[in-house]
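What follows is one structure encoded as structure tokens, with my remarks underneath.
The values are calculated or read from the model by the stated rules, or taken from the named source; none is laboratory data. The shown structure was predicted, so the numbers you read here are calculated from the model rather than taken from an experiment. All Cβ positions, glycine included, derive from the backbone under ideal geometry; neighbour counts span all protein chains shown. Ligands, DNA and RNA are stripped out before the accessible areas are found, and what is left, the full protein with its side chains, is counted by its heavy atoms. Shrake-Rupley method; radii C 1.70, N 1.55, O 1.52, S 1.80 Å.
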Amino acid sequence: MTDPVISLLSDLVAIDSVNPSLVPGGRGEAQIADAIEAQLRAIGLDVERQEVAPGRPNVVGVLEGSEPGRSLMYCGHIDTVGVAGMESPFTPVVRDGRLYGRGAQDMKAGVAAMIDAARVACTTGFRKGRLMIAAVVDEEYASIGADALVREWKADAAVVTEPTDLQIAVGHKGFAWAMVETRGVAAHGSRPAEGRDAILRMGRVLARLEQLDRELQSREPHPLLGTGSLHASVIEGGRELSSYPDLCRLQLERRTVPGETAETFVYEMRRLVDALCVEDREFRASVELLFSRPPYELPSPHDLPKALESAAISAGARPSTVGMSFWTDAAILGEAGIPSVLFGPGGAGLHSPQEYVTLKEVTICRDALASLAMAWP
């Protein structure tokens, strides 16, 4: 007989929930939200829908204990990235102890585990405190779901069930996106005295960015997260082969660690551009911050990691305390005053055509989360 958490995972993977902000025409989260709402109600939780954007609802289930106690939130996103290059992205396939399909690891396995943990807690007599199951939209793009969640919901602690290979992550990196524009003068390609090449001027920026990245990665690393970094992401410029380009645009990303902010990045970029302007009085460039999210680190000391470690060991895991390189909604929960860690099942193929999750880790994750919910004081 198939374990209920694996059946639920299969059902969730079979639902197209590609983020429409990330992929134009994406189906969005409405259908998967309906399925999760029905599952939470069937378990016996009180359920609320929070309409974040048209057709894009968060779903929050609440299990109240009969005795007072602290509250605990399990949170996971229900959107996915796109499916380019995948033959049957919404047909879950079980093979060699793995389940394949879009969102299997990122992060419908974690969502299935937290929902089924609530089922186990219900059936084994959840008595103390309050357990919240929060399924949120849009983590893969701008996290408007988590932003909306923390405006209305609070908890004493939270576990975000992103894939961590059953390790307990107490922090992760942040990021900032920026755009640099270099300006030239359009002219016929045969008239160099009249033209100023914006693309060649961007080459100077790129060379300085490479130097900055090397300097960032040579700094003293954070004990769990390493160093900050940056990379050029998208570049465009020029109109035709026989013309000097008057504009070149570069979009780039800076990954940040605790102690670094989006303002740090803007300062670095403006200092870089100012230096180039001093070297060449004709050099023209601008810097614009597009979007950013901060790094996250659990305030220390806190009893959540130790409590989760005990629960995970009892379920058969052997967790260590780690940091994650990718950004998650835990930063939003943390900024809202909800101390959070990451804990979820592992696999491989995040955002790739061959994505899978390890089924044994899904059941262990469910059991650990159920044990934590029952033991949380």
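Remarks
- Annotation note: Cβ proximity below 6 Å between a residue of segment 231-246 that is basic (Lys, Arg) and a residue that is surrounded by fewer than 13 Cβ atoms within 10 Å (Cβ to Cβ) and at pLDDT 95 or above (sequence gap 6+ or interchain) occurs for no pair.
- The residues on offer are VAL59, VAL94, and the sole one that is open to solvent by less than 10 Å² (accessible area, probe 1.4 Å), of a type in the set (A, V, I, L, M) and in contact (Cβ under 8 Å) with a residue 60 or more places away in the chain is VAL59.
- Only a single criterion out of (1) aromatic (Phe, Trp, Tyr); (2) open to solvent by 70 Å² or more (accessible area, probe 1.4 Å); (3) outside any loop (DSSP other than H, G, I, E, B) is not satisfied by PHE175, namely (2).
- When SER300 is tested against the conditions (1) crowded, with 17+ Cβ neighbours inside 10 Å; (2) more than 24 Å from ALA207 (Cα to Cα); (3) among the hydroxyl-bearing types (Ser, Thr, Tyr), the lone failure is (1).
- Annotation note: of LEU250, LEU308, the sole residue that is open to solvent by less than 60 Å² (accessible area, probe 1.4 Å) and farther than 20 Å from ALA331 by Cα is LEU250.
- Count of segment 2-29 residues which are touching a Phe, Trp or Tyr at 6+ places or on another chain (Cβ under 6 Å) and either part of a helix (DSSP H, G or I) or among the β-branched types (Val, Ile, Thr) (or both): 0
- MET132 being in contact (Cβ under 8 Å) with a residue 12 or more places away in the chain, part of a helix (DSSP H, G or I) and not β-branched (Val, Ile, Thr): no
A quick yes/no check of all residues on (1) among the small types (Gly, Ala, Ser); (2) part of a loop (DSSP other than H, G, I, E, B); (3) open to solvent by less than 60 Å² (accessible area, probe 1.4 Å); (4) touching a strand residue (DSSP E or B) at 6+ places or on another chain (Cβ under 9 Å):
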{"site": "GLN31", "(1), (2), (3), (4)": "no, no, no, no"}
{"site": "GLU48", "(1), (2), (3), (4)": "no, no, no, yes"}
{"site": "PRO89", "(1), (2), (3), (4)": "no, yes, yes, yes"}
{"site": "ALA121", "(1), (2), (3), (4)": "yes, no, yes, yes"}
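- All of VAL137, VAL150, VAL159, VAL180 fail the test of being of a type outside the set (D, E, K, R), open to solvent by 10 Å² or more (accessible area, probe 1.4 Å) and in contact with a helix residue (DSSP H, G or I) (Cβ under 9 Å, 6 or more places away or on another chain), apart from VAL150.
- Here segment 281-303 is the region considered, the condition is being among the acidic types (Asp, Glu) and touching a residue at least 60 places away in the same chain (Cβ under 8 Å), and the residue that is nearest to ARG196 (Cα to Cα) is GLU282.
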